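Colleague: Starting off with a structure, shown below.
The values are calculated or read from the model by the stated rules, or taken from the named source; none is laboratory data. Given the structure is predicted, the values throughout are model-derived calculations rather than measurements. Quick reminder, even Gly has a Cβ in these numbers, built from the backbone with ideal geometry, and neighbours come from all protein chains shown. Side chains are part of the model used for accessible areas, which takes the heavy atoms of the whole protein and leaves out ligands, DNA and RNA. Shrake-Rupley method; radii C 1.70, N 1.55, O 1.52, S 1.80 Å.
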Amino acid sequence: MTSTQNNAFTYWQTASYEETIAHILTRYHQRHKEQLEELLALAQKVEDRHADHPECPKGLAAALEVVYADLVNHMMKEEQILFPMIKSGNYAMAQMPIRVMEFEHDEHQKSIAMLKSLTNEMTPPEGACQSWQTLYAGIQEFIEDLNNHIHTENEILFTRVLAE
């Protein structure tokens, strides 16, 4: 963990639940939606233009659609059920929804593995066009953001709530 990451971790350990949730909503929930919408369009473009290329990531757009649908559903449950419980101090009631969210976070790891598999670990082929390179770089950034999002919830927010 870098010193910047360590400082952020320390900060969020003591920030109010309200502030932590607001951070999650703006830094991760909104950003994931934007990222995935861009990545979906780019994946479709790459698949359409390079369908005959042997390393074309066939099925990537469809996989990203599934990731998008799953993640939007997951975030909606947090936004409409779990986060309001936490904000209102219903920590005991939040325990079961937290367990469900943690399970779904594990499922997101399977989606990440699938994206890595379809993209050869985000390694575009030699001579790949700018769109292909941008797509893989964008997926890499999305994965890093998603992992940081999961860490922020599991290791910081949920751990604190479960200890109440």
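Colleague: Accessible area per residue for the chain in Å², computed with a 1.4 Å probe and the full protein assembly in place, what is it? If you can, show how the numbers build up before the last one.
Modeller: Details: 8690 Å² over 164 residues.
So the chain comes to 53 Å² accessible per residue, rounded to a whole number.
Colleague: Further question on the same structure: Mean residue ellipticity at 222 nm from the helices of the chain, using -39,500 (n - 2.57) per DSSP H segment of n ≥ 4 over the full residue count, to the nearest 500 deg cm²/dmol?
Modeller: -23000 deg cm²/dmol
Colleague: How large is Rg over Rh for the stretch 21-129, taking Rg from the Cα atoms and Rh as the Kirkwood inverse mean of 1/r across Cα pairs?
Modeller: My calculation puts Rg/Rh at 1.09.
Colleague: Could you quote the convex hull projected area for the stretch 27-76, Cα atoms only and averaged over all directions, in nm²?
Modeller: Its Cα hull, projected and averaged over all orientations, spans 3.4 nm².
Colleague: Another question, then. Counting Lys and Arg as +1 and Asp and Glu as -1, each charge on the Cβ, what is the dipole of the stretch 16-162 about the Cα centre in debye, to the nearest 20?
Modeller: Numbers: 12 positive and 24 negative charges, 58 e Å.
Charge dipole of the stretch 16-162: 280 debye, to the nearest 20.
Colleague: Related question: Mind checking which of 38, 126, 55 has the largest fluctuation in a GNM of the chain, springs on alpha carbons under 10 Å?
Modeller: In the Gaussian network model the winner is 126.
Colleague: Would you work out what percent of the accessible area of the stretch 16-162, with all protein chains in place, is carbon or sulfur (probe 1.4 Å)?
Modeller: Details: 3800 of 7290 Å².
C and S atoms contribute 52 percent here.
Colleague: Right, something else. Once you've got the GNM for the chain with C-alpha springs shorter than 10 Å, pick whichever of 153, 78, 144 has the biggest mean-square fluctuation.
Modeller: Result: 144 has the largest fluctuation of those listed.
Colleague: I've got another one for you. Which residue fluctuates most in the GNM of the chain (Cα springs below 10 Å): 124, 54, 97?
Modeller: Highest fluctuation among the options: 54.
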